[in-house]
Amino acid sequence: RSMEIDLHEALRNGELELYFQPLFGLSQNRVTAFEALLRWNHPTRGMVSPVDFIPLAEETGLILPIGEWVLHEACRAARTWPDHIRVAVNVSPVQFRSASLNSVILQALASSGLPPQQLELEVTESLFIENVEATLASLHSLRALGVRVALDDFGTGYSSLSYLRSFPFDKLKIDRSFIIDLQANNGATAMIKAITGLADALGIETTAEGVETIDQLDILRKQGCSQIQGFYFSRPIRAGAVADLIRELDYQE
Ligand code: G
Ligand code: G
Ligand code: MN
Ligand code: NA
């Protein structure tokens, strides 16, 4: 059997599951959001990473029903969380360019009862390589729905900074590759300083991804990063474990 046929059935058979990883706000000293991260519990292959099936889903168009399921499931989960906690959902380029994205989002919000400002979409820089005009128009129409938009994996892709000025993202997610060298490397720290400085000047929040150590956290705090995401606080966890993690992280000393 091909992976494509399997993926077709995965949705129907309930083999897809969302895990959630917290984003911790440094000024609030609380959890500000969870990122929804898709997992596929394959009956024979075991746990399949999205890295291994999102590209196939994009090629086959299956990303549209899968992405719709993710949005519904993420909003439904977030509706049970405290009001100050958002849910962040990754939107792939094919999904972003589809004509139905806005109506899918509206449906997910309506059926869950989640307020739009509690939903954040994560998009990548690849959207700025071509069709920049169409990308900007779509981003504005998403913003008009009241949802927030974050630029994911910032710094790894298409390197023009001009789109940051033309479109006011709510958040930049600084790619893990900038965080890895942070402890000893002055160059890495200078990069973070430059990114947070630019974001601040444009009124954009920053989230550091892949934070694993307290030394990294301390540098990021000093450089004015808004939120921290990474194994230092928590790995992605199942929906059922979210309430306990909020209690643990929100009320720590
Ligand atoms: O948790 P992690 O290994 O699983 O995620 C790997 C990659 O898969 C990341 O680039 C992440 O953005 C992407 N990803 C995770 N969940 C989703 C999803 O629901 N939709 C899309 N399009 N990408 C996702
Ligand atoms: O591309 P995106 O940023 O959406 O993907 C997030 C990816 O980063 C997921 O695969 C997630 O599991 C992974 N991740 C999250 N926190 C950490 C971390 O602290 N260390 C490492 N190595 N990976 C992380
Ligand atoms: Mn992401
Ligand atoms: Na990322």
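The values are calculated or read from the model by the stated rules, or taken from the named source; none is laboratory data. Everything quoted here is computed from the prediction, not taken from an experiment. As a convention, Cβ positions derive from the backbone with ideal geometry for all residues, glycine included, and neighbour counts pool all protein chains shown.
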Among (1) within 20 Å of the chain's Cα centre (by Cα); (2) more than 16 Å from ligand 1 (Cβ to nearest atom); (3) not small (Gly, Ala, Ser) - the single one GLN21 does not satisfy:
(2)
Residue in the stretch 83-102 that is within 16 Å of ligand 2 (Cβ to nearest atom), closer than 28 Å to PHE233 by Cβ and of a type in the set (D, E, K, R) present:
yes
Checking VAL51 against (1) within 29 Å of ILE246 (Cβ to Cβ); (2) over 17 Å from the mean Cα position of the chain (by Cα); (3) exposed (fewer than 15 other Cβ atoms within 10 Å of the Cβ); (4) among the hydrophobic types (A, V, I, L, M, F, W, C), only one condition comes out false. Which one?
(2)
Given the stretch 15-98, what helices (runs of 4 or more DSSP H) lie entirely inside it while holding 3 or more residues that are within 16 Å of ligand 3 (Cβ to nearest atom), touching a residue at least 24 places away in the same chain (Cβ under 8 Å) and aliphatic (A, V, I, L, M)?
63-78
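Within the stretch 54-69, work out how many residues are of a type in the set (A, V, I, L, M, F, W, C) and crowded, with 22+ Cβ neighbours inside 10 Å. Break it down stepwise before answering.
Just the residues of the stretch 54-69 that are of a type in the set (A, V, I, L, M, F, W, C), to begin with: 54, 56-57, 62-64, 66, 69.
Now narrow it down to the ones that are crowded, with 22+ Cβ neighbours inside 10 Å: 57, 63, 66.
The qualifying residues number 3.
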Looking at the stretch 94-138, which of its residues are in contact with a strand residue (DSSP E or B) (Cβ under 8 Å, 6 or more places away or on another chain), at pLDDT 95 or above and within 26 Å of ASP175 (Cβ to Cβ)?
PHE96, ILE105, GLN117, GLN118, LEU119, GLU120, LEU121, GLU122, VAL123
Residues being outside any helix (DSSP H, G or I) and within 23 Å of ALA134 (Cα to Cα) - total across the stretch 99-123:
7
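Is one or more of the residues making up the stretch 154-170 among the basic types (Lys, Arg) and either within 17 Å of ASP215 (Cβ to Cβ) or modelled with pLDDT under 95 (or both)? Quick ask: steps written out before the conclusion?
First, pick out the residues of the stretch 154-170 that are among the basic types (Lys, Arg): 165.
Narrowing further to those that are either within 17 Å of ASP215 (Cβ to Cβ) or modelled with pLDDT under 95 (or both): 165.
Checked against the condition, which is being among the basic types (Lys, Arg) and either within 17 Å of ASP215 (Cβ to Cβ) or modelled with pLDDT under 95 (or both), the stretch 154-170 yields at least one hit.
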Lone unmet requirement of (1) closer than 23 Å to ILE237 by Cα; (2) within 16 Å of ligand 4 (Cβ to nearest atom); (3) not aromatic (Phe, Trp, Tyr) for ALA108
(2)
Please work out which residue is farthest from ILE195 (Cα to Cα), limiting yourself to the stretch 222-232 and to residues that are touching a strand residue (DSSP E or B) at 6+ places or on another chain (Cβ under 8 Å) and either modelled with pLDDT under 95 or not small (Gly, Ala, Ser) (or both).
GLN229
Could you look through the stretch 128-138, keep only residues that are hydrophobic (A, V, I, L, M, F, W, C) and out of contact with any helix residue (DSSP H, G or I) (no Cβ under 8 Å at 6 or more places or on another chain), and pick out the one that is farthest from ALA88 (Cα to Cα)?
ILE129
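Working only within the stretch 225-234, note down all residues that are in contact (Cβ under 8 Å) with a residue 24 or more places away in the chain and either within 15 Å of ligand 4 (Cβ to nearest atom) or buried (at least 21 other Cβ atoms within 10 Å of the Cβ) (or both).
Correct list: CYS225, SER226, GLN227, ILE228, GLN229, GLY230.
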Output for the stretch 99-141, where each listed residue is within 24 Å of PHE24 (Cβ to Cβ), more than 16 Å from ligand 3 (Cβ to nearest atom) and surrounded by fewer than 21 Cβ atoms within 10 Å (Cβ to Cβ):
PRO115, PRO116, GLN117
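Quick grid of which residues meet (1) assigned to a loop (DSSP other than H, G, I, E, B); (2) buried (at least 17 other Cβ atoms within 10 Å of the Cβ); (3) away from ligand 2 (no atom under 12 Å from the Cβ):
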residue: GLY146; (1), (2), (3): yes, no, yes
residue: ASP153; (1), (2), (3): no, yes, no
residue: THR156; (1), (2), (3): yes, no, no
residue: LEU164; (1), (2), (3): no, yes, yes
residue: PHE169; (1), (2), (3): yes, yes, yes
residue: LYS173; (1), (2), (3): no, yes, no
residue: ILE179; (1), (2), (3): no, yes, no
residue: GLY187; (1), (2), (3): no, no, yes
residue: ALA190; (1), (2), (3): no, no, yes
